[in-house]
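Below you'll find the structure, written out as structure tokens, and then a few comments.
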Amino acid sequence: MNVRGRKYRYVGPAALRALVRPGGEGRCIRSASDFDDWASALTREELAEPFTFVVDATGVLRVAPRRSEHVACAGGGTVLGAGEMSVGDESGRWVVAEVSNQSTGYCPDTSSWPAVALDSAGIGHPPGFTHEVVFRRCLACGQLNIVREEDFVCVFCEEDLPQKWNVDGPGR
């Protein structure tokens, strides 16, 4: 597999990183059959809600139930992408209905979409994130921010936020 793109390291709370256990990574999804096997173990309610995903550093999609932490799903490693997605069945084929880069543990940039390995897993999908989350770290106070409505101002100290992704840069 050709692995390209920025690698995101975990930037969330140490207490959540402590939840990482050997063998506790999310389920590897390399094909629609892999997804079928994983989904068959879920209840109807679990399958109806969004679930956690990461794309590990080797380009493999990993999935886990929604309330799983992204860092645990990734086994504590770096990722090419992370977020949440929901799926449905269309004519006997899994299709992603909604997908976001919402992961406050990794804070992937909106440009991480190409890493979300849905084509290689045989899962239908939209052309990009259906909900994009813009993360920035304040250079003045070091706090992590979610930019809303293109207002690049720190909610903690009211300083301007960088236009380019910088979450694991200065202030970290």
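In table form, for the structure just shown:
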item	result
From the options ASP119, ASP89, residue that is of a type in the set (D, E, K, R), in a loop (DSSP other than H, G, I, E, B) and within 30 Å of ARG44 (Cβ to Cβ)	ASP119
Subset of segment 38-54 (residues that are surrounded by 12 or more Cβ atoms within 10 Å (Cβ to Cβ), without any contact (Cβ under 8 Å) to a residue 24 or more places away in the chain and among the acidic types (Asp, Glu))	GLU46
Test: residue in segment 108-117 that is more than 16 Å from the chain's Cα centre (by Cα) and open to solvent by 50 Å² or more (accessible area, probe 1.4 Å)	no
Leading residue by the ranking (most open to solvent (accessible area, probe 1.4 Å)) among those in segment 97-107 that are assigned to a strand (DSSP E or B) and modelled with pLDDT of 95 or more	GLU98
Tabulated pairs, segment 13-36, first farther than 18 Å from ALA121 by Cα, second open to solvent by 40 Å² or more (accessible area, probe 1.4 Å), C-beta under 6 angstrom, 6+ apart or interchain	LEU16/GLU69; LEU19/GLU69
Positions within segment 57-68 being within 21 Å of GLU45 (Cα to Cα) and either basic (Lys, Arg) or crowded, with 20+ Cβ neighbours inside 10 Å (or both), in sequence order	ARG62, VAL63, ALA64, ARG66, ARG67
GLY81 of a type outside the set (Ser, Thr, Tyr) and in a strand (DSSP E or B)	yes
Residue within segment 55-68 that is among the polar types (S, T, N, Q) and either assigned to a helix (DSSP H, G or I) or in contact with an Asp or Glu (Cβ under 7 Å, 6 or more places away or on another chain) (or both) present	no
Yes/no for GLY105 being closer than 30 Å to ASP36 by Cβ and touching a Phe, Trp or Tyr at 6+ places or on another chain (Cβ under 6 Å)	yes
All positions within segment 131-172 that are among the polar types (S, T, N, Q), in a loop (DSSP other than H, G, I, E, B) and open to solvent by less than 70 Å² (accessible area, probe 1.4 Å)	ASN166
First in segment 105-120 and without any contact (Cβ under 8 Å) to a residue 24 or more places away in the chain, second anywhere and in a loop (DSSP other than H, G, I, E, B), Cβ under 7 Å, 6 or more apart	none
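The values are calculated or read from the model by the stated rules, or taken from the named source; none is laboratory data. This one's a predicted model, so the numbers in the text were calculated from it and none came from an experiment. Cβ atoms come from the backbone with ideal geometry, glycine included; neighbour counts cover every protein chain shown. Surface areas here come from the heavy atoms of the whole protein model, side chains and all, with no ligands, DNA or RNA. Shrake-Rupley method; radii C 1.70, N 1.55, O 1.52, S 1.80 Å.
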